[in-house]
Amino acid sequence: MLEVRGVTRRFGDFTALRDASLDVGAGEFVTIVGASGCGKTTLLRLIAGLDKDYTGSITLNGERIVGTSLERGIVFQEPRLLPWLVLWDNIAIALDNTLLSAETKKEAVAAQIALVGLTGFENAYPAALSGGMAQRAAIARALVGHPSILLLDEPLGALDAITRMRLQEELLRIWRHERVSMILVTHDVEEAVFLSQKIVVMDTGPGRVTAAIPVDLPYPRDRASAEFGALKHRVFTALNDNAALKKAEIDYLI
Amino acid sequence: MGKQLGFVQLPQTALSVPTVSMPKVVPMTLLKIRAFFAEQRYIGILLPLFILCLWQASATFKWIEPVFLPAPIKVIEAFWYMLTQQDLLLDIWASVFIIAQAFAYGTLLGVGLGFAAGLSRKAEMFFSGTINTLRHIPTVAWIPLVVIWLGLGAPAKIVVLAKSIFIPVFLNTLQAIRGVDHNYIELAQALKLNKRQLVRRVVLPAILPVVMVTLRYSVGLSWALVVVAEGISGLEGLGFLIFRAQNLLMTDQLLVCMVLIGVIGFLLDRLLLAVQNHLLRWQRGFGGRYA
């Protein structure tokens, strides 16, 4: 469904992303892991259409991506709610430019608020919401237009461990309910193994994709199981290989 | 409970001997006054009350000649006289009318052109040179020319004051738009908002805190300038009265005008503050409850 082929993004002389390729099937949950600066956010922004300056090709259902679209919902690292709008309006704003009737819009917003468990907070301003609630609202805003793919840029990174685990389960529930494809960028390996069907490992200098590890554990996954641990180990190894290779290069240089 | 324990454990030390405190006798009225001012919202009355007392004292003990500073009661009498025998209300209205109109035109033009320049670099290049030059010509320096053109009446003052409100509103609107968090612009892009929606739902609310402060600031400034403008040229209004009173050495009337100017300026600001608090009700900043 989503195909990324040989995508390179340069900022001047700096190559943020080199020759990256990636496939996401319909309804598939893919995570991208890697150290800071490996180009994972750059790649996500290219898929979102927020950044158009690249070489290579990115297509969704065979069509080349040009600019942003409500077909591709995005959740940023921080909730990015508009502080002057109440929760309801913050979610409804995503439907401002759709042709739906007012009644349909209203139903969609109410359904989405219920899905993320924020019913009763419709008239709250973002300043009154906790970090977890705000991020749920951001997820609802990205989903309300029923995109075919949801892009999540480390959405849980700023949350505490408990809220984070709870929201990971929420994400799974939402993913199953909405049957939407998801790309989640994270640097938390456990999160990646817990959530996704495929883990794409990236590395720095220049940013590139180094491995794609399929995860075929059945849902719901047990974080304490041996299989879970083995997969985590595999992802860590892939990440460490990158680090080890780099170290070898440096040794060689010396 | 704590005291009791202490007493039991250390019965012989002088420190632990409990003292029987006599209930202090405080007059009821004093208690009431104290309770009244203990409430935060009345605390603002204290200072004006003190100044008034000082003023009265200076009259009672003849520290200052009445011709320089008449007693408060004389000023109140003068106020009543001006209100009933002269056209004080009309003069107040003349001044308020000028500031209201100048405020409306200055704000509309300032926000409008500020938006144009803020949203388009081209428009900014077109306007900014001219406006940044005009802004260095003080408002008072405009009065003679505009009076030659428009005469001594209200229109000349409205034009001059609208200009004095326009300049800060324009500059701050422009800067505030340029300072809107890029993340919000990106969000609007992701949500596919069109230009009109971007302005109405993102840019306008984002700059409102800055614009509101500018409006309050420039209204205060312009209210002061109304008085100057009316004093320089004019046949009515509080500014006219105050300079007339000076020429005729009617210090009591002069003080009436001064107090009125202060009070009306205060009320204008409170009005705008109420509007600001309503428009910015989503903001949760430092509430000032530190001490």
Cβ under 10 Å from B:Ala102's Cβ, B:Ala102 left aside: what net charge do those residues give with Lys, Arg +1 and Asp, Glu -1?
-> +2
Please report, in debye to the nearest 20, how large the charge dipole of the stretch B:42-190 is about its Cα centre when each Lys and Arg carries +1 at its beta carbon and each Asp and Glu carries -1 there.
-> 320 debye
The answer for the net charge of residues other than B:Gln86 whose Cβ lies under 14 angstrom from its Cβ, with Lys and Arg +1 and Asp and Glu -1, is -4
With every protein chain kept in the model, how would you rank A:Arg136, B:Arg200, A:Arg179 by accessible area, 1.4 Å probe, largest at the top?
-> A:Arg179, B:Arg200, A:Arg136
Choose one answer from B:Ile33, B:Ile158, B:Ile137: the residue with the largest mean-square fluctuation in a GNM of chain B with alpha-carbon springs under 10 Å.
-> B:Ile33
Contour minus Cα-Cα distance for B:Arg178 and B:Ser128 (0.36 nm per residue) = 16.6 nm
Please state, to two decimals, what the Cα-based radius of gyration of the protein assembly as shown comes to when divided by 2.2 N^0.38 Å (N = residues).
-> 1.43
Tell me, what % of the accessible area of the protein assembly as shown is carbon and sulfur with a 1.4 angstrom probe?
-> 64 percent
When only Cα pairs under 8 Å and 6 or more residues apart are kept, what is the percent relative contact order across chain B?
-> 20 percent
Using a Gaussian network for chain B with springs between C-alpha atoms less than 10 Å apart, which of these wobbles most: B:Arg244, B:Arg196, B:Arg270?
-> B:Arg196
Checked chain B against the a/c 1.5 cut and the a/b vs b/c comparison, axes a ≥ b ≥ c from its Cα gyration tensor; verdict oblate
Helix-only [θ]222 nm of chain B, DSSP H runs n ≥ 4, -39500 (n - 2.57) each, per residue, nearest 500 = -24000 deg cm²/dmol
Report, in whole Å, the centroid distance computed from the Cα atoms of the stretch B:37-81 and the stretch B:161-179.
-> 39 Å
Once you have the Cα-Cα distance between A:Glu122 and A:Leu100, take 0.36 nm times their residue separation minus that, and quote the gain in nm to one decimal.
-> 5.9 nm
Gap in Å between the Cα centre of the stretch B:183-262 and the Cα centre of the stretch B:116-149?
-> 17 Å
Residue span B:Asn247 to B:Ala104: 0.36 nm per residue of separation minus Cα-Cα distance leaves a gain in nm of 48.2 nm
Could you work out how far apart the two model spin labels at A:Glu78 and A:Arg223 are, taking each label as a point 7 Å from the Cα in the direction of the beta carbon, and quote it in nm?
-> 2.7 nm
Could you give the DSSP H helices of chain A that reach 30 angstrom or more along their long axis (alpha carbon positions) and whose average Kyte-Doolittle hydropathy is no lower than -1.0?
-> A:226-253
Within the set A:Lys105/B:Lys192; B:Lys122/B:Lys195; B:Lys32/B:Lys74; B:Lys122/B:Lys192; A:Lys40/B:Lys195; A:Lys198/A:Lys232, which residue pairs have Cα atoms separated by over 21 Å?
-> B:Lys32/B:Lys74; B:Lys122/B:Lys192; A:Lys40/B:Lys195
Of the DSSP H helices in chain B, the ones reaching 20 Å or more along their long axis in Cα terms and averaging at least 0.0 in Kyte-Doolittle hydropathy are B:46-60, B:88-119, B:154-178, B:204-232, B:251-279
Tally Lys and Arg at +1 and Asp and Glu at -1 over the other residues with C-beta under 15 Å from the C-beta of B:Phe240: what net charge comes out?
-> -2
For chain A, whose charge dipole is built from +1 on Lys and Arg Cβ atoms and -1 on Asp and Glu Cβ atoms, the candidate among A:Ile113, A:Leu44, A:Leu167 with its Cα farthest towards the positive end is A:Leu44
Given the rule -39500 (n - 2.57) for each run of at least 4 DSSP H residues, summed and divided by the residues of chain A, what is its mean residue ellipticity at 222 nm, to the nearest 500 deg cm²/dmol?
-> -12000 deg cm²/dmol
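The values are calculated or read from the model by the stated rules, or taken from the named source; none is laboratory data. None of these values were measured; they are calculated from a predicted model. Virtual Cβ from ideal backbone geometry, glycine too; neighbours counted across all protein chains shown. Only protein heavy atoms, including side chains, enter the accessible area calculation; ligands, DNA and RNA are left aside. Shrake-Rupley method; radii C 1.70, N 1.55, O 1.52, S 1.80 Å.
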